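The values are calculated or read from the model by the stated rules, or taken from the named source; none is laboratory data. Since this is a predicted model, take the numbers as computed values, not measurements. So basically every Cβ, Gly included, is an ideal-geometry build from the backbone, and we count neighbours across all protein chains shown.
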Amino acid sequence: MSIWARRRKIFYFGGAILFAVLFLGLPLFTKYYTPASCFDNKKNQGEYGVDCGGPCVKLCSSQFSSPIIVWARAIPVTKGVYNLLAYAQNQNLSGRVKKAQYIFKIFDNKGVLISEKSGMTFILPHNIIPVFEGGIVAGERLPAIVTFEFKEPLAWEKIDYKDPGLVVVQKVLSGENKSPRIDAIVQNRSTNKASHIEVTAIVYDTNDNAMAFSKTLIDELDDNQSIPVTFTWPESFPKKSSRIEIIPLVTP
């Protein structure tokens, strides 16, 4: 066989292969190939677990710590009606939960359940988590124990979190022995507008135990804008106050 004949045979054979790849293989590949993603139920593309870690927003269980529940309390507002507050901490620097379900349970001094309250909150990276529930009716029974927990599993995700720049520049408590009232000013020191801001106020006694708390909402706060907020209680505090903590948080 001449060199020219061999070259022509190779050319035809190569053309047949190219035709098969382009007109048969490529359509089949396109039809059945599924690119790697964070939702394919596989551990691939550098993920630490199945669809978590690596390039995925979802964090694997080994990448975050559960929030620390510091305390949970029930404080009487009027006779038989209580406010609840849980004070938790998220120690994860870049892990957040946009929707975190929780449950309060209130027991009397015999360990009998009085009431329970479920709800939804959010968890921001490296932040305090104040969870407030108001107007809980206990009737004639006295709350002795309050428990709080987040309902698992929490959907943790990584985020490049930036402090929104909200600060409280003034806190004034008045009428402590009659009709307590806190007047404060929340300031946005960032260059971005902040929206849907939850502001929680906590009053501590001389033993540094929380003895009153309340929450208010700010719809929006422009950059470098300040806004006054007020918290009131219908009855005097049971003890003398020692300090006030006010926590402004932007809802994700």
Return the residues of the stretch 178-208 that are within 18 Å of residue 248 (Cα to Cα) and not in a strand (DSSP E or B); say none if nothing qualifies. 189, 190, 191, 192, 193
Which numbered condition residue 177 fails, given (1) in contact (Cβ under 8 Å) with a residue 60 or more places away in the chain; (2) touching a strand residue (DSSP E or B) at 6+ places or on another chain (Cβ under 9 Å); (3) not assigned by TED's automatic domain parsing to the domain that holds residue 99: (2)
Can you tell me which residue within the stretch 77-99, out of those that are surrounded by 16 or more Cβ atoms within 10 Å (Cβ to Cβ) and either closer than 30 Å to residue 238 by Cα or more than 13 Å from the chain's Cα centre (by Cα) (or both), is modelled with the lowest pLDDT? 77
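Any residue that is touching a Lys or Arg at 6+ places or on another chain (Cβ under 6 Å), surrounded by fewer than 19 Cβ atoms within 10 Å (Cβ to Cβ) and assigned to a loop (DSSP other than H, G, I, E, B) - is there at least one of those in the stretch 152-166? Steps first, please.
If we filter the stretch 152-166 for residues that are touching a Lys or Arg at 6+ places or on another chain (Cβ under 6 Å), which is where we start, we get 157, 159, 165.
Filter once more, so that each one left must be surrounded by fewer than 19 Cβ atoms within 10 Å (Cβ to Cβ): 157, 159, 165.
With the extra rule that they be assigned to a loop (DSSP other than H, G, I, E, B), the set shrinks to 159, 165.
Looking through the stretch 152-166, at least one residue is touching a Lys or Arg at 6+ places or on another chain (Cβ under 6 Å), surrounded by fewer than 19 Cβ atoms within 10 Å (Cβ to Cβ) and assigned to a loop (DSSP other than H, G, I, E, B).
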Anything in the stretch 168-178 that is surrounded by fewer than 15 Cβ atoms within 10 Å (Cβ to Cβ) and of a type in the set (Val, Ile, Thr)? List them, or say none. 169, 172
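What do you reckon, is residue 238 surrounded by fewer than 19 Cβ atoms within 10 Å (Cβ to Cβ), at pLDDT below 95 and closer than 22 Å to residue 87 by Cα?
On the way: surrounded by fewer than 19 Cβ atoms within 10 Å (Cβ to Cβ): yes; at pLDDT below 95: yes; closer than 22 Å to residue 87 by Cα: yes.
Against the criterion (surrounded by fewer than 19 Cβ atoms within 10 Å (Cβ to Cβ), at pLDDT below 95 and closer than 22 Å to residue 87 by Cα), residue 238 qualifies.
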Test each condition in (1) surrounded by fewer than 17 Cβ atoms within 10 Å (Cβ to Cβ); (2) of a type in the set (Phe, Trp, Tyr); (3) within 26 Å of residue 239 (Cβ to Cβ) for residue 148 and report the one that comes out false. (1)
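So that you can scan it fast, the table gives a plain yes or no per residue for (1) out of contact with any strand residue (DSSP E or B) (no Cβ under 8 Å at 6 or more places or on another chain); (2) within 17 Å of residue 71 (Cβ to Cβ); (3) surrounded by 17 or more Cβ atoms within 10 Å (Cβ to Cβ):
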site	(1), (2), (3)
183	no, no, no
194	no, no, yes
200	no, yes, yes
212	no, yes, yes
233	no, no, yes
246	no, no, yes
249	no, no, yes
252	no, no, no
Among the strands (runs of 3 or more DSSP E) lying completely within the stretch 109-150, list those that include at least 3 residues that are within 14 Å of the chain's Cα centre (by Cα). 113-123, 127-137
Taking the stretch 44-97 as the region of interest, how many residues are over 22 Å from residue 208 (Cα atoms), among the aliphatic types (A, V, I, L, M) and not in a loop (DSSP other than H, G, I, E, B)? 2
Within the bounds of the stretch 221-229, is there any residue that is closer than 20 Å to residue 135 by Cα and not assigned by TED's automatic domain parsing to the domain that holds residue 128? no
